[in-house]
Amino acid sequence: MMSQQPDDPAAMQDTPLEGESTQGAAAAAPDPLAVLSAQKAELEKSVAELKDRLLRNAAEFENAKKRMKKDVEDAQHHGREKLLKELLGVTDAFAMALKTMPDDNPVAKGVRMVEKQMLQTLEKFGLTRFSAVGEVFNPARHEAIQQVPSELPVDTVVAEFACGWMYGDRLFRAAMVTVSQGRPEPSA
């Protein structure tokens, strides 16, 4: 007996052969929707990780910029303070020179003019000079380098070797002073 075969070859491919089941073919080919769904989940996870890494890098970059800016400002501030301290030595030299010259000396007049200009320049940068003579000794503002008997009360600043300086509202350099020990003891 002869079996009849269909005339259409495509129909032949769709019909299972003897002993084949239709369930085996379905199990071999994964569901395209499930595959796409898994790929989508993986991509979303990768995107979330990349976004997190990008945000962390951006935050680190901003922190680095802030640190660099602060470091530059600190370096500028330190450099400015160092220069100003060096210039205070020059103002001290002007003051000592003027103490040794008579007021009518033409050189003294020139030195006074230069000293005045130097003091104005220092004030532009926030430094102000203060005198301690006649004040009560204050270790936060004065550095006592000697004590002498004096008619002034005990712990009163009698003389000043170098004036003090303020930088804004903080002490930049203490005044170097001589402090009174009080009245001298009478000699017998």
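The values are calculated or read from the model by the stated rules, or taken from the named source; none is laboratory data. Not measured: the values here are computed from a predicted model. Heads up, the Cβs are rebuilt from the backbone with ideal geometry, glycines too, and the neighbour counts pull from every protein chain shown. What goes into the accessible areas is simple: the full protein's heavy atoms, side chains included, and nothing from ligands, DNA or RNA. Shrake-Rupley method; radii C 1.70, N 1.55, O 1.52, S 1.80 Å.
With the requirement that a residue be closer than 20 Å to residue 176 by Cα, without any contact (Cβ under 8 Å) to a residue 60 or more places away in the chain and open to solvent by less than 70 Å² (accessible area, probe 1.4 Å), what does the range 92-110 give you?
Result: 93, 94, 97, 98.
Counting only residues that are open to solvent by less than 80 Å² (accessible area, probe 1.4 Å), hydrophobic (A, V, I, L, M, F, W, C), in contact with a Gly (Cβ under 8 Å, 6 or more places away or on another chain) and not in a strand (DSSP E or B), how many does the range 153-188 have?
Count: 1.
Any residue that is open to solvent by less than 20 Å² (accessible area, probe 1.4 Å), under 28 Å from residue 77 (Cβ atoms) and modelled with pLDDT of 95 or more - is there at least one of those in the range 131-140?
Initially, the range 131-140 is screened for residues open to solvent by less than 20 Å² (accessible area, probe 1.4 Å), giving 132.
From what is left, the residues that are under 28 Å from residue 77 (Cβ atoms) are 132.
Checking the rest, the ones that are also modelled with pLDDT of 95 or more come to none.
Within the range 131-140 (the criterion being open to solvent by less than 20 Å² (accessible area, probe 1.4 Å), under 28 Å from residue 77 (Cβ atoms) and modelled with pLDDT of 95 or more), the answer is no, since none of the residues qualifies.
Determine whether residue 88 is assigned to a helix (DSSP H, G or I) and touching a Gly at 6+ places or on another chain (Cβ under 9 Å).
The answer is no for residue 88.
Restricting the first residue to the range 111-134 and requiring it to be closer than 22 Å to residue 169 by Cβ, which pairs with a second residue that is open to solvent by 100 Å² or more (accessible area, probe 1.4 Å) meet a Cβ separation below 7 Å and a spacing of at least six or different chains?
119/129
Counting only residues that are acidic (Asp, Glu) and touching a strand residue (DSSP E or B) at 6+ places or on another chain (Cβ under 6 Å), how many does the range 156-188 have?
Taking the range 156-188 and keeping what is acidic (Asp, Glu), we get 160, 169, 185.
From what is left, the residues that are touching a strand residue (DSSP E or B) at 6+ places or on another chain (Cβ under 6 Å) are 160.
Residues that pass the stated criteria total 1.
Give me a count of the residues in the range 60-91 that are open to solvent by 100 Å² or more (accessible area, probe 1.4 Å) and among the polar types (S, T, N, Q).
1
Scan the range 115-130 residue by residue and report those that are open to solvent by 40 Å² or more (accessible area, probe 1.4 Å) and either of a type in the set (Ser, Thr, Tyr) or in contact with a helix residue (DSSP H, G or I) (Cβ under 7 Å, 6 or more places away or on another chain) (or both).
121, 125, 128, 129
Please work out if residue 119 is closer than 26 Å to residue 90 by Cβ, among the hydrophobic types (A, V, I, L, M, F, W, C), in contact with a Lys or Arg (Cβ under 8 Å, 6 or more places away or on another chain) and in a strand (DSSP E or B).
Values: closer than 26 Å to residue 90 by Cβ: yes; among the hydrophobic types (A, V, I, L, M, F, W, C): yes; in contact with a Lys or Arg (Cβ under 8 Å, 6 or more places away or on another chain): yes; in a strand (DSSP E or B): no.
No: the conditions fail for residue 119.
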